[in-house]
Amino acid sequence: MINNIRKTISYARRNGVGSAVVAAMERLRNQRDENYLYKEPTEEELEKQRKWYRALLNNAEKSRMLPLISILVPCYNTDREFFKEMIESVKNQTYGKWELILAEAPVVSKGKAIYPLTDIIESYSGVDGRIRHICLKSNAGISENSNAALDASRGDYMALLDHDDVLTKDALCEVAIAAIKNYPRLIYSDEDKCNADGTRFFDYHRKKKFNPDLFMSNNYICHFTTIRSDVIHTCRFRGEYDGAQDYDLFLRAVGRIMWSSDYEKQIVHIPKVLYHWRSHDGSTSGNPQSKMYAYEAGARALRDFLKASGIKATVSHLKHVGFYRVSYDDILEARKDIGVIGGRITDKNGTLIGGNYRADGKVRYKDLPRGFSGGLQHLAVLEQDTDAVDIRCMRIRSDLLDLYKQIFGIPYDMTLEGKAIDVTSLGTEEELRDKCIRFGQAVRQLGYKVLWDPNYETTI
């Protein structure tokens, strides 16, 4: 309750009382709708994973397939109980080919460097050689501390774990299976939050498959993320982006592959909760406003990524902290990977009634009132790649004009961009939807993305 009040006050200061009231109303509706209960994998499921791992491990030829996963944990003055629970969550993995790199920065007291976690770490590392303690000379910041852990690693993949969070028992096995299948650059999973004592789970973040434009709106991949060794060693963490160092790293790790049509095999989403982000008074998850500097660092990282990609664009903050808008003078000129742009279809009350189609024809965010952002992840106000968009609010690339006429049966009229067009000749609402879906499929088969931009709107 106190945390929600704090969030509302902070939001009102940034965006005004009216916007804060609407946001509070949506938050209450989300809480009523949320019925999340985290279910641990059954013992039968866990034992199946253990058997899979042992079978490969005991086969001389197949054992080489198993990746060594290095878990990088920079730590500084961590709560001792949280720290032990983090280590236990790694030890309890069904997958055994891992190493835990604990890079501890010293606490300086009366001019003397003290490592308060040494006794805990040694109690574990003394009986398990996979756990290693790196005593850093100084606290050089989260990025440099993470680089120290990276330099000490020997793995094929690097997994990022915060010093007070916990993994689910099946986390590393799920990552290993994904790594063996496609040898991807980056792997990420769903996540949730837990309270300080780890007894209550909430804010389930059910993530989408990798969505380039959504990723440039927010670092939604976040936890649990694992990156291939050659990629992360090339990119490394950069101290000038501390606070958003993960986002900066992920952007560069994904790199130019994000603009291609081949990213799905190289950036893999595991649709399971593998990570519990602990929410307590000192954590970003418990109080996002406590690290406003991190969101500015995220914007700077995104600007740097766009510049390095040769894309002319500006980055601005949205009302919700940690969310961004990328704006272009001419998006179809700046983004050669985008073929079609669509927007919101609203009624006269501002309620969203169409615009963004799933492959099955259902409208995303349908019936969302004006001012609502679309839930905890604010998806309805973020630019994102989608399956199809509505002809009544659509802009297309010139080389798609013939395809447009072939599917819709009418020529594309650029003079009507942003205005409601007459679609009575296209049949019923269902027939119109089906043509929009067919057009979206055809555009994507040509290698283009279909972008939904919620700032582009037509009222009918």
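Details
- For the range 201-221, the set of residues classified as of a type outside the set (A, V, I, L, M, F, W, C) and in a loop (DSSP other than H, G, I, E, B) consists of Arg206, Lys207, Lys208, Lys209, Asn211, Ser217, Asn218, Asn219, Tyr220, listed by residue number.
- For the range 412-453, the tally of residues that are of a type in the set (A, V, I, L, M), within 35 Å of the chain's Cα centre (by Cα) and either surrounded by 15 or more Cβ atoms within 10 Å (Cβ to Cβ) or at pLDDT 90 or above (or both) stands at 7.
- Qualifying positions in the range 337-374 - of a type in the set (D, E, K, R), touching a residue at least 40 places away in the same chain (Cβ under 8 Å) and exposed (fewer than 14 other Cβ atoms within 10 Å of the Cβ): Asp347, Lys348
- Filtered by the rule that a residue be within 24 Å of Arg50 (Cβ to Cβ) and assigned to a loop (DSSP other than H, G, I, E, B), the range 158-183 gives Leu161, Asp165, Thr168, Lys169, Asp170, Tyr183.
- Against the numbered list (1) under 31 Å from the mean Cα position of the chain (by Cα); (2) within 27 Å of Arg238 (Cβ to Cβ), Thr94 comes up short only at (2).
- Restricting attention to the range 103-114, the residues that are surrounded by fewer than 21 Cβ atoms within 10 Å (Cβ to Cβ) and either touching a residue at least 24 places away in the same chain (Cβ under 8 Å) or touching a strand residue (DSSP E or B) at 6+ places or on another chain (Cβ under 8 Å) (or both) total 5.
- Verdict on Ile232 being over 11 Å from the mean Cα position of the chain (by Cα), closer than 14 Å to Ser146 by Cα and in a strand (DSSP E or B): no
- Qualifying residues in the range 292-306 (those that are farther than 15 Å from Val326 by Cα and over 18 Å from the mean Cα position of the chain (by Cα)) - the one modelled with the highest pLDDT: Tyr293
- Test: Gly375 is within 26 Å of Ile421 (Cβ to Cβ) and in the same structural domain as Glu431 (by TED's automatic domain parsing): no
- Only one of Leu100, Leu68 that is touching a residue at least 24 places away in the same chain (Cβ under 8 Å), in the same structural domain as Phe237 (by TED's automatic domain parsing), more than 15 Å from Asp164 (Cβ to Cβ) and within 25 Å of the chain's Cα centre (by Cα): Leu68
The values are calculated or read from the model by the stated rules, or taken from the named source; none is laboratory data. As the structure is a computational prediction, the values presented were derived from the model and not from experiment. Cβ coordinates were reconstructed from backbone atoms using ideal geometry, including for glycine residues, and neighbour counts include every protein chain displayed.
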